[in-house]
Each structure stands twice: as structure tokens, then as C-alpha cells.
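The next block holds one structure in the form of C-alpha cells; read it before the comments.
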Amino acid sequence: MNKIKRFFGELLGDKYYCGLDIGTQKIKACLSRVHDAESLDLLAVYESDTKGFKDSSVNDISDFSSAIGTTLDALVKKTQVRFRDVSFSVGGDLIETRVSRAVIPLAERGNKLITDHDVRDVRRQACLLGARLDEEVLCDFVRYFKVDDINIALNPIGLYGRKIEVEVMMVVANVTRLRNVSKAIKQAGFEVNNVFFSGQVLVDTLMDKNKRNDGSIMIDIGSKTTQILVFKEGLLKHYAEVPFGGEHITRRISQLLGISRELAEDIKRSYARVAESVTSSDEEILIKKEQGFVPVKRALLNEAVESEVQGLIKHVHDAVENSGYAGQLKGGILMVGGCVLLPGLMERVERELKMPVSLGRNISGLSNSASFCTASSIAEASYKGTARYFLDTRKPKDWLTSLQGKVEELCNEYF
Ligand SMILES: Nc1ncnc2c1ncn2[C@@H]1O[C@H](COP(=O)(O)OP(=O)(O)OP(=O)(O)O)[C@@H](O)[C@H]1O
Ligand SMILES: [Mg+2]
């Protein structure tokens, strides 16, 4: 019954989609409206401090719920749109990744034409086998298919075979933790539409097919963790979640300058940058402390930033090496996340990795687009998963091909 209600709701209901990106430090939200069948208009974004959520779990439901409520109500106020459904994404420590394999027979005798149904079946089987009872599978990335033990990299649909095998990288999250997040959203007066893995929505909406084939990297740098996804030949070749984020830079500034974390955060946002070269300048910055303005050496601030950035560069280098495709990633790097706002960071990654780097999504009129890439991608992904999108974007030719496929499939099955 719920499924039917949802189906008609998607077709007839409003055309607004809300994405909620729950980070360790900030909750970011975005409201978008359907522009045409293929694209959305971003109406408003808002972010507020994450509260009641620590070590990847809700530790105070009323604080957490009110932080979510503040963020979403601000969107309602800004846009004057009273939306109800919200999709959220998780990543970082809240998820776990695991490799799983499955093989299923296709036909008792002879061969059978492989259909998208068979592909879905074998992937579902791999996920069922790989997940524990207390886990929800958020998504799976295919690593390879094998048809009759022969490796088929990307697409086995349309081939003949007796058995099909798949290896997937599953992304799972603890069911209880997810339920607590959903409960907090409901408590704030909203309904949960979809739960996504943040890495998947970013790749699905920002990295096109050509980039994935040519070899590209998606890097999401948050406050405590960085997620790195390396694609080549259309497939995920390597995933790494590394302990680096804006908070590491803040802590290092606080240590080196002997100031509080809060002041170090302010200084980072106002003055820090990734220097083009290490120079021993005598330049001083005046920072406001309780007792008045105090001079701080720019060189010391640069040193704090530099030591942490070197760590990030090493993590990205390692991810490229571990993917097995060093020197073959021609599609470039996409970067998202609040830490990307640090001036000079994208340029430094470009120089050191010798690959073109660009911002995941440039949101016009926003100077901090990097922070809202995930939230806007969640809104887009939730629209693209609806029946409305499916029906609106299918052309008569697609319906005909699909009908032909079904007829062919039936003929193969029974004759
Ligand atoms: N203008 C800025 N300059 C430099 N750093 C910034 C700027 N604005 C935000 N940041 C940093 O971005 C980080 C927060 O980024 P983001 O909102 O993507 O993290 P998060 O999603 O809360 O964390 P995570 O993804 O690790 O859970 C903080 O460390 C913050 O200091
Ligand atoms: Mg984040």
C-alpha cells in the first residue's frame, strides 16, 4: 500500500526535492525544484552545527533532532515551500565497505541470453551473502562480472551464458544507527524518503560516464575524514576513507600557535591558505584575542597548514597506487567538502598529482559551493530515483527497445 501511495505521490505530488548531508561538524541541506525532465533548480541551501551526533551515532536525539529541524526549517523559511520528504546520506565512519561475490545459474541446459533481471539477481545475491543481519546495504559497486568464468568488465547484458558471477563492493551501515537518524528527522517534523551513501550520490550525479571510463577520482574532504573513490573502465577500482579533514588543520594551528581550537578555526577560515612555495616570510597577521590584537607569524600558520596538507597528498597518492591505475587516470579529479574551501588546496592537489582538478559542483551565487555539493547531489539523486523521472525521460525509442528485449527474453526462455 505504501509503495502504491509513494508511486502516485511521485507522479502527482510536488516537484521539490530536499537533500540532507549529515556531517560530523555541519548539517547541510538543500532544496531543489524540478526544472525540466533532466535537471533541477537549486532554490536554497542552509547549514548549521551538528549537535547530538558523535562518533557516528546519535547520542542525544533531542539535540540532534533540533539541529536537523533548525536546518530544514531555515530552508522552509527561505523558500516559503512547506516540503515534507527528505533524503539523507551517510558516509565516513557511519558506513563500512566489504567485498562480496556470488554466482547464479542462468539455464539448466544450454545457454540463456543475459538480461538486466539476471544482473540484478546476481548482485542482490552477492549483497545478501555479504551483509550481516544488523546491517542495511546502502549500495553496491560492481567490480567485475564473469560469464561462464570469463571476465567481462562492465556489461554482460545481451551475452549468452550458463552462469553469471559478480564481485561487488558493498556499502553497509548499521540498521540501529540509521533508524536513530531517521527517528530524529521524523521528530523534527519531516519524513525520510531515501538513505544514500554519500560517495555514490556524488559519483552518480557529478562524474559522467566518460570520466568514469577514462579514469577519475572523487575526493570528499570533510572535517574528520576524507573519502576517495577511484574509477576506471566505468568501475570503482578503489575506495579509501582516510583520517584527514579540516579539523586536523584546525588542531595543528591551535597547537603551533598555542591558541584555543575555536580561535584556530576562525583564523583558518579567515587567513589560512595552502602556500604555493615554502618561503620564510616575516609577514605578521593581527588576530583578536581577549586581551586585544596579537601578532601571529604568517610563516607559522603556513607551516601548520603545510604539514597537514602533505598528509592529504600522500593519502591521495596511495589511493591512486592502490587502484593499480597510476598514470592511467585521464579524467581528472573532482573535489567536494568544506575543507576544499581552503584557498590553494585544489591547485596544490593538481600540481602534486599531475591531474586536472575541478570543483565537484559550482553552484551559482554561492561562494561556498564545495560545502553543499553532497546535499545538492542527494536532492538530484532522489529525483532521479522517482517514477516521475523514469517516465519523463523515457523516449518512445526506449519503450520500443525495452519491449523488444522482453519479447526476445521470453522467446529465449520458452523456445
Ligand atoms: N572557508 C573555509 N576555509 C577553510 N576551511 C573551511 C572553510 N569553511 C569550512 N571549512 C572547513 O570544512 C570542514 C567542514 O567540512 P564539511 O562540512 O564538509 O564536513 P562534515 O561533512 O561536517 O564532516 P565529515 O564529512 O568529516 O563528517 C571544517 O573543518 C571547516 O573548518
Ligand atoms: Mg561530509
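Only the coordinates and a few stated rules stand behind these numbers; no lab work does. This is a predicted model, so every value here is computed, not measured. For neighbour counting, all protein chains shown are included, and Cβ atoms are generated from backbone atoms with ideal geometry for every residue, glycine included.
At-a-glance table
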read-out: Nonlocal amide H pairs with residue 139, under 5 Å, H built at 1.01 Å; value: 171
read-out: Tensor-based shape of segment 1-143 (alpha-carbon gyration tensor, a/c under 1.5 rounded, otherwise prolate or oblate); value: oblate
read-out: Mean residue ellipticity (222 nm) of the chain, computed from DSSP H runs ≥ 4 via -39,500 (n - 2.57), nearest 500; value: -13500 deg cm²/dmol
read-out: Label-point gap, in nm, between residue 368 and residue 224 - each point 7 angstrom along Cα→Cβ; value: 2.0
read-out: Label point 7 Å beyond Cα of residue 36 along Cβ direction - residues of segment 372-393 with amide nitrogen under 17 Å; value: 389-393
read-out: Residue exposure sequence - 335, 346 - by fewest surrounding Cβ within 10 Å; value: 346, 335
read-out: Normalised contact order of segment 246-307, rounded percent, pairs of Cα under 8 Å and 6 or more residues apart; value: 36
read-out: Share, in percent, of DSSP beta bridges within the chain that are antiparallel, nearest 5; value: 80
read-out: Inter-site label distance for residue 204 and residue 108 at 7 Å from Cα along Cβ, in nm; value: 3.8
read-out: Cβ charges +1 (Lys, Arg) and -1 (Asp, Glu), total dipole of segment 94-175, debye; value: 240
read-out: Cα gyration tensor shape for segment 246-307, rounded if a/c is under 1.5, else prolate or oblate; value: oblate
read-out: For segment 39-82 and segment 249-290, distance of Cα centres in Å; value: 30
read-out: Positive-end residue of 113, 80, 67, charge dipole of segment 56-121 with Cβ unit charges; value: 113
read-out: Pairwise centroid distance, computed over Cα atoms, of segment 295-368 with segment 148-216, Å; value: 25
read-out: Distance in nm between pseudo-label sites at residue 233 and residue 350 (7 Å out along the Cβ direction from Cα); value: 3.0
read-out: Relative contact order of segment 94-175, defined on C-alpha pairs under 8 angstrom at six or more residues apart (%); value: 48
read-out: Over the chain, relative contact order from alpha-carbon pairs under 8 Å, at least 6 apart, %; value: 17
read-out: Three-way shape call for segment 163-214 based on the alpha-carbon gyration tensor, with the a/c threshold at 1.5; value: oblate
read-out: Sparse-neighbour loop sites [trypsin sites (Lys or Arg not before Pro); segment 291-359; at most 12 other C-beta within 10 Å; DSSP]; value: 354
read-out: Entries of 78/186; 163/406; 209/237; 51/297; 26/297; 51/183 with Cα pairs more than 24 Å apart; value: 51/297; 26/297
